[in-house]
Amino acid sequence: MLGSGGIGSYLAALLPFFVKEYECTLLGNEAQIKKYAGEQNAEHPYTIIYCPVQTFSLKELFFFPGSILKQINECELFYTPYCNIPGGIKVPIFSTIHDVVFLDVPGLSGTLGTLARKWFYQHALNKSKKVFTVSNFSKERIQFHLRTKPDQIITTYNALPHWFYQDVNISIQKDNYILFVGNIKKHKGLKTLLDAFKDLLTQGTDAKLMIVGNSENFRTEDKDIWNQISACPKNSVIFTGRISDSELNEIYAKAKVLVQPSLYEGFGMPPLEALNLDTDVILSDIPVFKEIYANFPVTFFKCQDSKDLAQKLINGWDSFGKNSINVPDTYSFEKTFEIIKTNLYN
């Protein structure tokens, strides 16, 4: 699952800790694995098995290659950074459910898609000795929707990967733009931000809104959102298009403020990324953000209340980007791995 968005990044950040601590058998693409696993450790060598089986496929569930299963079942345990589990595994299984947004937020998927996701979540819980998740909020929602065993769900939290800071100059000059990092799905709250942005402009504030992504996706996938964007003054809304991680980090560092107006998240990484690049953050006051960022220097606004968000932007506009941000050392993948490690043999 390396290279597959947030799940791939989560795995890539944890992989060096696994290969340093254990003798691992790793399933996947050799070049990708070596990129993140690093050089072989004489004390704990790792083995790579090429595995072309598609995740969440019938082949993975029912016809997983016997030769690979044989090597898996010679190990002490099986760990997956997501909830896909090949059929035929006989050793203890440890899996991960990052969130259950598709069960909590209606309309993100059709009826069959939602049922399929629920089946995979429950299948992971049925097969796993322990299931890791990234917040106490996600833990509570998993327990609400699915059948779990006592003490089966373990909160590990998420974190920034070690390569996040590479080649980033956080002392660069701030620009007068609000940054939005997310997709156009309803639970990301872009509608609330667009309404607040228009109110901000009517107050005479010299601001632009930068949206990470491709404008074509917004134009074709959500007509209401695109109509809101089209109603904004010309050139006031900017799309980055497809960009690299290093380009995104520079955009984070130059932004005056990041706004994360989500209605729902399992953890929410963009605020942590922005804060660590000296960019102020305004967040919706949803439960998971109140949990994750309770002790961080962020500003909360009332979820889905564009007037409150606009007022927070107006009140803080002249002070955003003026001071270095002291970010608490709360989350790290070292800490995440230690929690996982503690639970693998309990």
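Computed from the coordinates by the stated procedures, all read-outs in this text should not be read as laboratory data. Note that the structure is a prediction, hence the values are computed from the model and not measured. When we count neighbours, we look across all protein chains shown, and the Cβ atoms used for this are built from the backbone with ideal geometry, even at glycine.
Of the residues LEU61, GLY8, TYR50, the one whose Cα sits farthest towards the positive end of the charge dipole of region 8-73 is LEU61 (charges of +1 on Lys and Arg Cβ, -1 on Asp and Glu Cβ, taken about the Cα centre). Computed over region 257-342, the P(r) curve from all C-alpha pair distances, binned at 10 Å from the origin, holds 16, 47, 28, 7, 2 percent per bin.
Looking at region 72-147, the trypsin sites (Lys or Arg not before Pro) that sit in a DSSP loop and have at most 12 other Cβ atoms within 10 Å of their own Cβ are LYS90, ARG147. Show that you can apply the helix-only estimate: for the chain, add -39,500 (n - 2.57) for every DSSP H stretch of four or more residues, divide by all residues, and state [θ] at 222 nm to the nearest 500. Using -39500 (n - 2.57) per qualifying helix, the result is -12000 deg cm²/dmol.
Expressed as an acute angle from 0 to 90° and rounded to the nearest 10, what is the orientation of the C-alpha long axis of helix 333-344 relative to the principal long axis of the chain? Approximately 30 degrees, to the nearest ten. Here the dipole of the chain is about 960 debye; that uses its Cα centre as origin and unit charges on the Cβ of Lys and Arg (positive) and Asp and Glu (negative). Projected onto planes of every orientation and averaged, the convex hull of the alpha-carbon atoms in region 1-125 covers 8.0 nm². For region 198-346, the normalised intensity computed at q = 0.14, 0.15, 0.17, 0.18 Å⁻¹ comes to -0.79, -0.90, -1.13, -1.25 (log10 of I(q)/I(0), Debye sum over alpha carbons, equal scatterers, no solvent). Computed from point charges on the beta carbon alone (+1 for Lys and Arg, -1 for Asp and Glu), the dipole magnitude for region 22-66 about its Cα centre is near 200 Debye. Using a simple spin-label model with pseudo-atoms 7 Å out from Cα toward Cβ, ASN227 and GLN173 lie 4.0 nm apart.
Please report, in debye to the nearest 20, how large the charge dipole of region 253-346 is about its Cα centre when each Lys and Arg carries +1 at its beta carbon and each Asp and Glu carries -1 there. Walk me through the numbers before you get to the answer.
Numbers: 9 positive and 12 negative charges, 33 e Å.
Computed about the Cα centre, the dipole is about 160 debye.
Annotation for region 3-108: chymotrypsin sites (Phe, Trp or Tyr not before Pro) lying in DSSP loop with at most 16 further Cβ atoms inside 10 Å of their Cβ are TYR50, PHE56, PHE63. With Rh defined as the Kirkwood radius, the inverse of the mean 1/r over Cα pairs, the Rg/Rh of region 36-84 is 1.00. Here the Kirkwood formula, the inverse mean of 1/r across different C-alpha pairs, assigns region 73-209 a hydrodynamic radius of 18.4 Å. Tell me which residues come under 5 Å, amide H to amide H, from LYS208 once H is placed; ignore anything under 5 positions away on its chain. The answer is TYR177, ILE178.
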